[in-house]
Amino acid sequence: MNKKINQKIAFLLFKLFGLVVIGILIGILGFISFNGLKVINWEFLTSNPKEGMTSGGIFPAILGTFYLIVGSLFIAFPLGVMSAIYTIEYAGNGWLIKVIRMMTNNLASIPSIVFGLFGMSLFVNKLKFGDSILAGSLTLGILVLPIIIRTTEEALKAIPDSYRTGSYALGASKLQTIRKVILPSATPNIITGLILSIGRVSGETAPILFTVAAYFLPQLPSSIFDQVMALPYHLYVLATSGTDIVATRRMAYGTALVLIFIVLLLNLLAALIRRKIEKKSKY
Amino acid sequence: MIQAKNIHFYYGNYHALKGINMIIDKNTVTAFIGPSGCGKSTFLRLFNRMNDLIENTKLNGECLINSHNIYDKQVDVDELRKQVGMVFQKPNPFPKSIFENVAYGLRVNNMGDKSFISQQVEKSLKAAALWDEVKDKLHKSAFELSGGQQQRLCIARALAIAPEIILMDEPASALDPISTSKIEELIHDLKQQYTIVIVTHNMQQAARISDKTGFFMSGELIEFSETKKIFLNPDKEETQNYITGRFG
Amino acid sequence: MIKNKTFKSIIEKLIEKVFSISGLLTSILIVFICYFLFKEGIGFFKNSTIENGYGLYVNSKNKNLNLSSQDLKQIFDGNISNWKELNGINKSIEIIRIDDVFSIYSEEEIGENYENLSSKTSELIANKEGSIGFFPIEYEPKGSRVTKLPTNHLKLSDFLRGKEWLPTATPAPLFGVLPLIYGTLLVSFLAILIAVPLGLGVAIYLSELASASQRKIMKPIIELLAGIPSVVYGFFGLVVLSPFVQKIFNLPIGETALTGSLILAIMALPTIISVAEDAMRNTPRSMREASLALGATHWQTIYKVIIPYSKSGIITAIVLGMGRAIGETMAVLMVTGNAAIIPHSIFDSVRTIPATIAAELGEAPSGEAHYQALFLLGCVLFTITMIISIVSELISKKSYKKY
Ligand SMILES: Nc1ncnc2c1ncn2[C@@H]1O[C@H](COP(=O)(O)OP(=O)(O)OP(=O)(O)O)[C@@H](O)[C@H]1O
Ligand SMILES: [Mg+2]
């Protein structure tokens, strides 16, 4: 029968598509791991690049990315959580909240290079921070703000209203309710959002190109007004502008693997936390 | 003719139907009544294998239509569902035009050409007593109809592919009294051509439209006989209690 | 006791204010981003068509000249050799730069502190009817036999309609955005063309066909694909995909629009899959059952009922995927070859708007035309993605209203 055959063909195709997607991921991860593992060792992770980036390690880039993670989330995390608390717990359902939602969505859809332009023009030039950890962190902070707001909003929405009414019934004020009842039970979900943001910050290149990233620094940064090297930018540099392609390529594979490893690890962590929440909420 | 032989049905570990036997004759209306959750819908949905869609279920026993076991391996489920139509509790027209809703079954089953389809659509809408109300707006969205009209549209949709049996799961429970009585009249007319099995929570409705009635409770068929007998002189005490509202 | 309470409530009010301000943060940021982008971007049009601090001078006999940036480029590239072609006198064109002055005259003649330079430039222009001089304004030629060519401001129409992007050309840089727009659109449309069938197929597979355990494997894979940083995609594209494309299609270089599209397609997949899957999953069970009960096969049910029902969600998925592709910077920068010319085939090397910004901003001195042109590109990009974001929001709103 005709319609049965159509169905067979279509479903076969979709299964194939699914396999293609799995294949793509395995291809990318496999290729980079295979080549990267040959390079990665203790020295690679803990020493400076040497001989025009053809040997040595990527320690300054790892450290720089770590600084940027800490810096940007130090700014964005509290602000994002507060913003979400406002929209969910205070703002009600009027036009204002609709505008706020729309703006948050819009902010999330802005391409990262535009954040780079903005960061350069405001933080680097106007506020005269120069190319610095501060400018880079602020730029990246703005970039991940919508992610934090959204995940926190989801976390707050997931808390049943009975918790709130229960707390008010005991004479607690709104703020006390938020602090003592709502935030504690939303924390695991909020943390998953935080982890996802870390993943995003550690991989973004375009926003740091002109706000903080350095091609090479002989010294580690000593204040928030210093430039840093960062993993994604370092990979870009290694991949596109080496003098000795073969030798730098090795370094590039190693750097790419470290980046992917960070992302994998964070995803795994987020999944674990999520699973724990699901288990808990069953009982 | 539908015949159920010692049917046991499980949702996971939950034993939803416990050894049901029943014979339903051609061109009759059979009503299922019983308290909520007793398994009426589950039983009804066995006849067009709708329960196959639910994961993690198990069926024991035999279910025959015209002496063929419909759960046989060779059975083509789509073909079976063509012969056994179904009308659901809530009207569920597709987000398409009125015409396309009725034509849908004909199209997916490759039944006939353009002119046949439009004939069949008209015939089915007439049979569902909806034609006069919609004949001028066949190409408007089905969502523009009232709830009762939508339900009759769903009946027309089921009739269009000329099934032998029509299953109805509380077809009037979401409707107002006038729409309900229209549907009841319709069922009465359809009896000439179709075998109808209907689940209802409305006892008067069962009494008005059905030839036979089955009373279910906790996954068992307590009593099954002539509708008159069930309502006037049931054999079982549970049936008596239920129809007089002393259940519980 | 009561006093205590009022004190507490004042604090609560205060904290509430703080919350509400942070609630407005995203809106404020959008306004800020708009302001800073457009301030720099609009500043672009205050620049003159030729390099800052320089002027163009011709002999006064040479009248009726109205030279566009394009004409100037042709002149200085040597593609036009006679003024007649530009409505001028019938003389062949002779270009004089400040360096030429130094080679024509000796150091003594010009003077230790260039005090005679201005008169020397005047002399040169005045004596040669076909000459055109490009000099710093400080040393500009003077006298009745010299005409300074009027300098125009850069125009929006030139920006939008210009077919050449040569921001460092002298004396008149060209800021035609068309090659970049074509590049961006070509690469993203091609990417969407590849990603949509694949993505929708996988979405159908996930929402309709996959068992619970298969879904448990696929979902994290898609999340991981979304999490991989774009430089890593770019790197992968550079070392694997681009040699592959070069070999298969037998091209001189592998960094082409096609290569960029392939990488972008992979990057857009997770967005398309998850949004479309959500939409299909949200199709009510009753629709599915109604279709199956009429004897339709599962596949017929999918393409005749589920896909039309989740149409707006699917369109949103495509639009968002498109947004992702248009805005992507690093991966595209690394694999498309970055030639700023209007592409004629998918095997041409192209340069997209984001890649241009990333590649050039480092070298463009702050405050100059080139720098501001890049901000203007940022404005274009910002506007496009804003429109996409609003459109996708409207589409998904509409679908809520309908049912
Ligand atoms: N998909 C399902 N998964 C698990 N259990 C189910 C499922 N559907 C029904 N059940 C259970 O099976 C039993 C019978 O359900 P069924 O829908 O057949 O009852 P019903 O008699 O039609 O009730 P109602 O009159 O409320 O429609 C109920 O206890 C119900 O909880
Ligand atoms: Mg039921």
Out of all the residues in segment A:80-107, which are modelled with pLDDT of 90 or more and more than 7 Å from chain C (Cβ to nearest Cβ)?
A:Gly80, A:Val81, A:Ala84
The correct count of residues that are more than 9 Å from every other protein chain (Cβ to nearest Cβ) and in a loop (DSSP other than H, G, I, E, B) in segment A:1-54 is 10
Give the residue that is nearest to ligand 1 (Cβ to nearest atom), with candidates limited to residues of segment B:70-96 that are open to solvent by 20 Å² or more (accessible area, probe 1.4 Å) and more than 18 Å from the chain's Cα centre (by Cα).
B:Tyr71
For segment A:172-188: of the residues being over 16 Å from A:Ile88 (Cβ atoms) and away from chain C (no Cβ under 11 Å), which is most open to solvent (accessible area, probe 1.4 Å)?
A:Lys180
Would you be able to say whether some residue in segment B:178-194 is among the polar types (S, T, N, Q), modelled with pLDDT of 90 or more, more than 16 Å from the chain's Cα centre (by Cα) and open to solvent by less than 30 Å² (accessible area, probe 1.4 Å)?
no
Quick one: is B:Leu59 over 18 Å from the mean Cα position of the chain (by Cα), on the phi < 0 side of the Ramachandran plot and away from ligand 2 (no atom under 16 Å from the Cβ)?
yes
If we keep just the residues of segment B:34-55 that are in contact (Cβ under 8 Å) with a residue 40 or more places away in the chain and more than 9 Å from ligand 1 (Cβ to nearest atom), which is surrounded by the most Cβ atoms within 10 Å (Cβ to Cβ)?
B:Asn48
Could you tell me whether any residue of segment B:158-170 is within 14 Å of another protein chain (Cβ to nearest Cβ), within 16 Å of C:Met287 (Cβ to Cβ) and under 16 Å from the mean Cα position of the chain (by Cα)?
yes
A:Pro221 is checked against (1) open to solvent by 20 Å² or more (accessible area, probe 1.4 Å); (2) within 13 Å of chain C (Cβ to nearest Cβ) and fails just one. What number does that condition carry?
(2)
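Select from segment C:357-387 the residues that are among the β-branched types (Val, Ile, Thr) and within 7 Å of another protein chain (Cβ to nearest Cβ) and write down the one among them that is surrounded by the most Cβ atoms within 10 Å (Cβ to Cβ).
Residue satisfying both the conditions and the ranking: C:Ile357.
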Which condition does B:Ala103 not pass, out of (1) within 14 Å of ligand 1 (Cβ to nearest atom); (2) more than 21 Å from B:Ile230 (Cβ to Cβ); (3) touching a residue at least 24 places away in the same chain (Cβ under 8 Å), if it passes all the others?
(1)
For segment C:170-271, which helices (runs of 4 or more DSSP H) that fit wholly inside it have 2 or more residues that are open to solvent by less than 20 Å² (accessible area, probe 1.4 Å), touching a Phe, Trp or Tyr at 6+ places or on another chain (Cβ under 6 Å) and within 11 Å of chain A (Cβ to nearest Cβ)?
C:178-204
May I ask you to say which residue of C:Leu65, C:Leu86 is in contact with a Gly (Cβ under 7 Å, 6 or more places away or on another chain) and either buried (at least 17 other Cβ atoms within 10 Å of the Cβ) or away from every other protein chain (no Cβ under 14 Å) (or both)?
C:Leu65
Among the residues of segment C:134-169, the number that are assigned to a helix (DSSP H, G or I), of a type outside the set (A, V, I, L, M) and within 30 Å of C:Ser122 (Cβ to Cβ) is 2
Looking at (1) farther than 30 Å from C:Lys397 by Cβ; (2) touching a residue at least 40 places away in the same chain (Cβ under 8 Å), can you tell me which one C:Ala358 breaks?
(2)
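The values are calculated or read from the model by the stated rules, or taken from the named source; none is laboratory data. Keep in mind that what you see is a predicted model, and the values were worked out from it rather than measured. Glycine gets a Cβ as well: all are built from the backbone with ideal geometry, and neighbour counts include every protein chain shown. We work out accessible area using only protein heavy atoms, side chains counted, and drop any ligands, DNA or RNA first. Shrake-Rupley method; radii C 1.70, N 1.55, O 1.52, S 1.80 Å.
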